[in-house]
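A.B. asks: Sending over a structure as structure tokens; questions will come in a sec.
What follows draws every value from the coordinates through simple rules; no lab data is involved. Note that the structure is predicted; figures quoted are calculated from it, not measured. Cβ coordinates were reconstructed from backbone atoms using ideal geometry, including for glycine residues, and neighbour counts include every protein chain displayed.
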Amino acid sequence: MRRTMVAGNWKMHGTRASVAELINGLRHLALPGGVDVAVFPPFLHIGQVVDGLKGQSIQVGAQNSAVEPAQGALTGEIAPSQLVDAGCAYVLVGHSERRQLMGESDQVLNRKFAAAQACGLIPVLCIGETLEQRESGKTLEVVSRQLGSIIEELGVGAFAKAVIAYEPVWAIGTGLTATPQQAQDVHAAIRAQLAAENSEVAQGVRLLYGGSVKAANAVELFGMPDIDGGLIGGASLNADEFGAICRAAGN
Ligand code: 13P
């Protein structure tokens, strides 16, 4: 049985004061058992969040990490080993904002994924199609290529200790959500691609949906058989809304 997971990607949001307020809100949430909850603050606030959430059942992750596991001469980057030292358990790999705006290629992401795992971090691999790709019928081809890149480079076994987030680019921050059936169809295809290589890995890996998830649509999405939780952007900046999404995942 897969444990559901709800992850909050804070993106490039927060000041010391707003983060303190959000931590306070998170500390007061009644979180359901059986759901893994994690938040992904900007690098700058990771220490503050790790300290502020001490003793809580909420884990912390980073939104990005370097292509090399160890510290070194790489100005402006953060090594996965430094993230472990700071108290992180997870790291996002390949969020569409980084693929599109920062030009991160599958080759670079393969290295980031491997470097994270080498340090014991759990990578959350983000994959998903643009609106143009969906409208031209290329959704499954795009997602399969993004997933296949890691499988080819690192082997399907790499997903025994990873999470996958399907985030259709057209649903991110737009208020447009994939219907539960649209999301389920892609999740089922992702699991089938993994199962063709290793059915145990395919059955064990958590597949999160991301893209305009809110408390109001979470129950229906999380009710689909291959949706094991969510990667939440905007709604994760509001502790009460985030808590309600976590409770939806616990149902
Ligand atoms: P929104 O929930 O704001 O659409 O963002 C989703 C996302 O990109 C999470 O990584």
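A.B. asks: If you place +1 on the Cβ of every Lys and Arg, -1 on the Cβ of every Asp and Glu, and leave all else neutral, what size is the dipole of the range 1-130 about its Cα centre, to the nearest 20 Debye? Please list the in-between numbers first.
C.D. replies: Working: 10 positive and 10 negative charges, 51 e Å.
My answer is approximately 240 debye.
A.B. asks: Could you state the orientation-averaged shadow area of the convex hull built on the Cα atoms of the range 139-180, in nm² to one decimal? Present the calculation step by step, with values, prior to reporting the outcome.
C.D. replies: On the way: hull surface 15.1 nm².
So the Cα hull casts an average projection of 3.8 nm².
A.B. asks: Moving on. In the range 124-251, how does Rg compare with the Kirkwood Rh, expressed as the Rg/Rh ratio over alpha carbon atoms?
C.D. replies: Working: Rg = 14.2 Å, Rh = 14.7 Å.
That ratio is 0.96, to two decimals.
A.B. asks: While we're on this one: Could you state the per residue volume, in Å³, of the convex hull enclosing the Cα atoms of the range 162-230?
C.D. replies: Numbers: hull volume 5.3 nm³, N = 69.
In the range 162-230, the Cα convex hull volume per residue is 77 Å³.
A.B. asks: Could you tell me the relative contact order of the chain? Use alpha-carbon pairs under 8 Å, at least six residues apart, and round to a whole percent. Walk me through the intermediate numbers first.
C.D. replies: Numbers: 495 pairs, mean separation 56.7, N = 251.
Averaging sequence separation for qualifying contacts and normalising by length gives 23 percent for the chain.
A.B. asks: Once every DSSP H run of n ≥ 4 in the chain is given -39500 (n - 2.57) and the sum is divided by its residues, what mean residue ellipticity at 222 nm do you get, rounded to the nearest 500 deg cm²/dmol? Display every interim value, and only then the final one.
C.D. replies: Working: 11 runs with 108 residues, N = 251.
Helix-only estimate at 222 nm: -12500 deg cm²/dmol.
A.B. asks: Could I ask something else about it? Of A62, Q117, A30, which is farthest on the positive side of the dipole of the range 11-142, counting Cα position, with +1 on Lys and Arg Cβ, -1 on Asp and Glu Cβ, and the Cα centre as origin?
C.D. replies: Of the candidates, A30 comes out farthest on the positive side.
A.B. asks: Of L83, A202, V143, which is farthest along the charge dipole of the chain in the positive direction, counting Lys and Arg as +1 and Asp and Glu as -1 at C-beta?
C.D. replies: Going by the charge dipole, the pick is L83.
A.B. asks: Below 14 angstrom from the Cβ of K214, what's the summed charge of the other residues (Lys, Arg +1; Asp, Glu -1)? Don't skip to the end; give the middle numbers.
C.D. replies: Numbers: positive: R247; negative: E220, D240, E241.
Its environment carries a net charge of -2.
A.B. asks: Quick one: which residues, 5 or more positions from N238 or on another chain, have an amide H under 5 Å from its amide H? H modelled 1.01 Å from N in the peptide plane, none for Pro or chain starts.
C.D. replies: none
A.B. asks: What is the Cα radius of gyration of the range 1-140 over 2.2 N^0.38 Å, N being its residue count?
C.D. replies: Numbers: Rg = 16.0 Å, N = 140, 2.2 N^0.38 = 14.4 Å.
For the range 1-140, the normalised Cα radius of gyration comes out at 1.12.
A.B. asks: Mind listing the long-range amide H neighbours of T4? Cut-off is under 5 Å, sequence gap 5 or more, other chains count too, H placed in the peptide plane at 1.01 Å from N.
C.D. replies: When sequence neighbours closer than 5 places are left aside, the close amide H contacts are D36.
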